[in-house]
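Structure record follows, encoded as structure tokens.
The values are calculated or read from the model by the stated rules, or taken from the named source; none is laboratory data. Keep in mind it's a predicted model, so treat the numbers as computed, not measured. Neighbour counts are summed over all protein chains in view; Cβ atoms, including those assigned to glycine, are modelled from backbone coordinates with ideal geometry.
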Amino acid sequence: MRLKSRFARSVVPRVAALAGRALRATLDARAVHHDPTADPVHPQRTDPCVYLCWHEYLLLPVLEYGSQNVVALTSEHGDGQLLAGAMRALGWDTVDGSSSRGGATALLKLLRADRRHISITPDGPRGPRRTVAPGAVWLASKLQRPVVCVGYGFRAPWRAKSWDRFAVPRPFSRVRAVFGPAVQVPPGLDREELEAYRWWFERLLQQLTEDAEWLANGTSWDGEVPMSPGRVPRALRRAPEPTAPPLPSELVEEWEALPRGLQV
């Protein structure tokens, strides 16, 4: 949706941000972690990371991580600019992630000088749904920043009739996040190596999302941490043991077999 009126472009994102805050206050939002220090609010997370989540579940991290030292790559399309306005109203900084007209080089230069975390929806802004585009992995390799995949799940959400079936949680419902491990992508990947890593991160992000959806639909798991917008949950003031469901062994084995792969 492209808003032509300057007044609408100013007011609509602010109204959306207020509605989002009101909705967030009703949610039972909790997270589990493969590595608790991979959470951007953890006090031990000092090195900047690249965070990936599916576009359809973007609403929860948008509501959670404003003013948390995270910058989001957004689209120059009308919908992307509307979202960027709402995110800024929630305390985010945004950067146009367009790669047109030499934008990739300019973007890389900009982000190298910025020590904040980067948030990317690797299947946005137009899909295909739940498919990781190679640009996110290329960026992490070039910047030499760890990649953290985060799966989100909502219990019986409202779904838009959009390419990604964008999810909006119902008030007072369960929402869950599963943080994957922080993993380093080697530098200097050729095209085949880049595709191998892209494919692996796609499988990892899908697995974490399925785990989050499973938890959101009623399964309890030891070590769940309440998600508190703008605050560090008490349980994350220390470095507890991993609390997330274990990764399938085949995913770990596939990571170890990747070209110049590093251990998870």
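Assorted remarks:
- Any hit, the stretch 56-74, residues being surrounded by 20 or more Cβ atoms within 10 Å (Cβ to Cβ), assigned to a loop (DSSP other than H, G, I, E, B), of a type outside the set (Asp, Glu) and modelled with pLDDT of 85 or more: yes
- Condition check for LEU189: surrounded by 20 or more Cβ atoms within 10 Å (Cβ to Cβ) and not β-branched (Val, Ile, Thr): yes
- Unmet criterion (only one of (1) part of a loop (DSSP other than H, G, I, E, B); (2) surrounded by 17 or more Cβ atoms within 10 Å (Cβ to Cβ); (3) in contact with a strand residue (DSSP E or B) (Cβ under 6 Å, 6 or more places away or on another chain); (4) not aliphatic (A, V, I, L, M)) for ASP164: (3)
- The set of residues in the stretch 168-180 that are surrounded by fewer than 22 Cβ atoms within 10 Å (Cβ to Cβ) and not in a loop (DSSP other than H, G, I, E, B) comprises VAL168, ARG174.
- Residue within the stretch 77-95 that is at pLDDT 85 or above, closer than 22 Å to PRO187 by Cα and either among the basic types (Lys, Arg) or part of a loop (DSSP other than H, G, I, E, B) (or both) present: no
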